[in-house]
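Enquirer: Handing you this structure, nothing more for now.
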Amino acid sequence: MMQMNEAERSTTSKWSDPVRNALFSDASGTSLRSQDEIKGNWSKLTAEQQNQIKQDCNTMQTASAAGAGSASGNASGSAAGTTPQVSGETTASTTTGSTSSGSAAGTAATGGAMTIAQLCTMVNAM
């Protein structure tokens, strides 16, 4: 089951059945299809449906970037300003940040479960 934030859940729940069926492998909309399946199904969607997905993705990515910017700024500031006294926490924060960034590329490349962010990056390139 994929983790989604509230904006992603709210947005994807409003997608029509043909859109949801093209992108998700389950009725609850929590398991994205593989990249190959999504690419194959993309051409079956109307231009209007494709544009709606892209618009929704842009909206979600903008909202996510605004929230991530604050978190990244705080994490970077903490990591840069801390000393070994807090190094356990800082290392975990730094690792978490790196894993999030790395997992977007790594997960898609290895065929693991894709995130909404990865889906949006992929459909915006199509």
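No lab work stands behind these numbers, since they all come straight from the coordinates. From a predicted model like this one, the values you see are computed outputs, not experimental measurements. All Cβ positions, even for glycine, are placed from backbone atoms using ideal geometry, and neighbour counts span all protein chains on display.
Enquirer: Taking H as built 1.01 Å from N, whose amide H comes closer than 5 Å to the amide H of residue 24, not counting residues under 5 places away?
Expert: Here the answer is 33, since their amide H atoms fall under 5 Å of that of residue 24.
Enquirer: Under a point spin-label approximation (7 Å from Cα along Cα-to-Cβ), what is the residue 55-residue 41 distance to one decimal in nm?
Expert: For the pair residue 55/residue 41, the computed spacing is 2.1 nm.
Enquirer: Pull out the extension gain between residue 26 and residue 3, defined as 0.36 nm times the separation in residues minus the alpha carbon to alpha carbon distance; nm, one decimal.
Expert: Extra length available between residue 26 and residue 3 comes to 6.8 nm.
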